[in-house]
Structures are given as structure tokens and as C-alpha cells.
1. How would you order 40-49, 19-28 from highest to lowest mean count of nearby Cβ atoms within 10 Å?
2. Shape verdict for the chain, please, from the Cα gyration tensor: rounded (a/c under 1.5), prolate (a/b greater than b/c) or oblate.
3. Would you please give the FRET efficiency between ALA162 and MET1, computed as 1/(1 + (r/R0)^6) with r the Cβ-Cβ distance and R0 = 30 Å, to the nearest 0.05?
4. Out of GLY81, GLY11, GLY154, any idea which swings most in a Gaussian network model of the chain, alpha carbons joined below 10 Å?
5. Extending each Cα 7 Å along its Cβ direction at SER48 and ASN29, get the distance between those two points in nm, one decimal.
6. Using label points projected 7 Å from each Cα along Cα→Cβ, tell me how many nm separate GLN57 and LEU108, to one decimal.
7. Could you point to the residue in PHE32, HIS153, ILE53 farthest towards the positive end of segment 7-174's charge dipole, with +1 and -1 charges on the Cβ of Lys/Arg and Asp/Glu respectively?
8. When only C-alpha pairs under 8 Å and at least 6 residues apart count, what is the relative contact order of the chain, in percent?
Amino acid sequence: MNPSSNLFLVGPTGAGKTSIGRQLAVRYNMPFLDLDQEIERATGVPVSTIFEIEGEQGFRRREQALLEECSRRHGLLLASGAGAVLDPANRRCLVERGYVVWLQVSVLLQWQRLAHDTARPLLTDTDRQRKLEAMAQTRTPLYEEIADLVIPHGSEHEGLSAATERCIVLIDQHWNRQAA
């Protein structure tokens, strides 16, 4: 949605939604929410525990409810969970209530960034690269469907500051920010 007072970041695991999102929130003087962190705050347990007890389906229900609630706010920068786009209701919330920015990342770069990450329940597979490729095949068309702006991934050596600056340039060119 353009104009919008909200900025929503979507993209695969390891794209930098949380890290870049925090920096963008400072730049645009907006409160920042990470949807997965909000789920953990609301439940009092890590996402991995929710997956263990309720499975992915239980986690997705919680994700949908919190996205519905959080996306109703105005003047918010929200980093969605990587799989939030799987639910059509979530995609509708994102499209109708904010300016959606898709942070792209290659599977190879994801694999490198997440090589030592043990906290992501969907990456417990022994062949992480295969799992990341499968998720990309399913999710990429959904990110594409809802994105108002696509931020192509930078080089594997690009740091957080450079990636954030690249995002700011593109967002400033395209986002028609509506007052909150």
C-alpha cells in the first residue's frame, strides 16, 4: 500500500529483516517490532518450544493472530517471520495495512549466514541447503506477490551498514510515507 504509515519487511530467513529493520526504524523514527520476538514475548517461550509443543500449525495460528493485531497499528516498522506469507490472511494484512519491502537473499548466502544457527525449528534438517531451496521455491512467489518494493541482495561481504543504506536509498525513492 502506498502511501502508508507502516513499513513491513518480508523475506526469507537470514535476509536481515530484524537487523536491517532495527536500523531502518531508527532512520525513519518508527517503533520496531519483530513478529517472532513478539510471539516469544506474548507466550514467554522461544519459537522452538512452540514448534515442539504445538507444531508448525500452532505456531502459524499464533503468528496470524499477532500479525492481525500488530498490523492494525499506525507508524510501525514490522519485520515479519519468513513464513508469515504462507497464510493468505497474513498476505492480505500486509498488503492492505503497510508498504511491503521484500529483502531478497540467495540460498547460498542464507546457508552461510545460518550455518551455526540452532534456534530456527524449520532448519533442523541435516541438509539445510536443500531445506532452504525448498522453502525458497514455495515462498518466493508469495513474497513477489505482495511486495511493493524489492531490495535485491548485496554481495556476501556487504555489511549491515551498507545493506541498510542501500535499503534507505530505494525506500526513499519509492515509499510515499503517510503521517501516522
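1. Values: 40-49: 13.8, 19-28: 18.0.
The densest-packed peptide leads the list: 19-28, 40-49.
2. Details: a/c = 1.65, a/b = 1.19, b/c = 1.39.
Oblate, because a/c is 1.5 or more while a/b does not exceed b/c.
3. Working: r = 28 Å, r/R0 = 0.94.
Here the calculated transfer efficiency is 0.60.
4. GLY154
5. The two pseudo-label positions are separated by 4.0 nm.
6. 3.9
7. The one lying farthest along the dipole's positive direction is PHE32.
8. Details: 263 pairs, mean separation 67.1, N = 180.
About 37 percent, as a whole number.
Every number here is computed from the coordinates shown, using simple stated rules; none is lab data. None of the values given here were measured: they were computed from a predicted structure. Reconstructed Cβ throughout: ideal geometry from the backbone, glycine too, with neighbour counts over all protein chains shown.
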